[in-house]
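Input: a single structure, listed below in structure tokens.
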Amino acid sequence: MDVLCDTLLLEEILPRLPPKPLLRLSATSRRYNVLARCPSFAARYWRRAGVFLQPASEPHKAGVFLTAPSYQGAELVLPGPEDDLAEDGIVHSAAGGLLLCSRGHPTRLTARYYVCNPVTRQRVALPELGGLCYNPQCGLLTVVAGDATRFQFQVVVIEESQFEDTFLRLKVFSSDTGRWNAKHLWLSSYPSLPFEHDFRRRPVLGPSGAAYWIQRDGGEAIVYDSTSNTLRVIHLPPVSAGGSGHCICIGERHGSRGLRYRFARADSAALEVWDSETVDDDHAHAAWVLAHRVAIAELLGQSSDEAAWHRRRIKPVGFHPTDVDVVFLALPSGVLAYSVEHGTMDLRCTLNCFAAPADVFPYVHPPYPVQIPAIQNLTLELLPRKRKGDDDTYSKS
């Protein structure tokens, strides 16, 4: 009878519960807790994967979550106005099932961040940066020593204004200390950097806590690793004749073989997708293999003459973090999921990334509930509490 009841709970009842009531239920009973963490159930219920698409030039517009066409899981949205967040809450990066967000685009006067879990709706605000902070260029969230029970997180804010191109200005926050610290990363310590290096363009952010500045010629990328606080250079596939350094993107691939890269480029003739097979000890040189190439006219299902206007209006913007078949492409009509295997495209949103450039943050929620760890040495009342009777609650460290 117990087996029948457990089966009924796992198949019919627990999957219908929202995450927060399920967490509360599992906390009241050891039996329910075991069921909620059953590997087969947890893999179906908790795991979510896709990318957050955040308009970069529209600081008052919230991002959207894009999934693969075959995705059948629950919808994932950023905690919004219904959670007493301002309508301009935006995403800055993602790691370990968590998001780094802010209420509006941070500036030197309003650099205030919070970390949230969009699945469980838990969130906690970070203390104000304090002191002089130039306009933040990007914020990197890194989850360290992560498992299902205990971990810490780190946030690195890279400032937009750099001092005479001699060092990077950084603000580093650790949940283990509960404080922001100012750091400088001296560029003179890295002779391998290109002579005319460019840190002004917005970097691509990876879930490992790395920022990738693709250089203007499209042949190299400068990588900042927030876990080790170091820089390195990786060489990208050669740019073809007539190619452009603007319609390219790079992404991370995580698996049993460690960290590898995926690279896509669209020029006037074709879309190319490259994979790195091996990376040497200092991650400087990757052995790139051309995984896929398709003509722009074939991609659009048009003749060469009909596709002429669209040839420079296709831009790869990101990769699905778990489905290697899916590449996200931006067209004037919106962002589409392109299947490398089948050659098909599915519209995922109508955001025009040419009129409003966007940042893409790969997101994967692990197959277990992720609780945001308490921030040490934090005594401020960070977030307002919900009124009694509301359906949701806030997390306070």
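The values are calculated or read from the model by the stated rules, or taken from the named source; none is laboratory data. For clarity, every value in this text was computed on a predicted model and none was experimentally measured. Cβ coordinates were reconstructed from backbone atoms using ideal geometry, including for glycine residues, and neighbour counts include every protein chain displayed. Quick note on the areas: whole protein, heavy atoms, side chains included, nothing else; ligands and nucleic acids left out. Shrake-Rupley method; radii C 1.70, N 1.55, O 1.52, S 1.80 Å.
At an R0 of 51 angstrom, the distance between the Cβ atoms of Asp217 and Ser40 translates into a FRET efficiency of 0.55. Ranked by the mean number of other Cβ atoms within 10 Å per residue, highest first, peptides 200-206, 50-56, 151-157, 8-14 order as 50-56, 151-157, 200-206, 8-14. Extension gain for His254 to His184 (0.36 nm times residue separation, less C-alpha to C-alpha distance): 22.3 nm. In this entry, segment 164-208 is assigned a mean projected area of 4.6 nm², taken as a quarter of its C-alpha convex hull surface. Across all Cα atoms of segment 317-364, the radius of gyration (one decimal) and Dmax (whole number) stand at 10.6, 30 Å. Model label points for His342 and Phe195, set 7 angstrom from Cα along the Cα-to-Cβ axis, are 5.0 nm apart. Accessible surface comparison of Thr67, Thr7, probe 1.4 Å, protein chains only, largest first: the order is Thr7, Thr67. Between the beta carbons of Arg16 and Val294, assuming R0 = 45 Å, the FRET efficiency works out to 0.60 to the nearest 0.05. Taking amide H atoms as placed 1.01 Å from N in the peptide plane, the amide H of Ser93 lies under 5 Å from those of Leu100, each 5 or more residues away in sequence or on another chain. Backbone phi angles across segment 6-14, fed through the Karplus curve with coefficients 6.51, -1.76 and 1.60 (θ = phi - 60°), yield HN-Hα couplings of 5, 4, 5, 5, 5, 8, 10, 9, 4 Hz in residue order; Gly and Pro are listed as x.
The 1.4 Å probe gives accessible areas that order Ser29, Ser189, largest first, as Ser189, Ser29.
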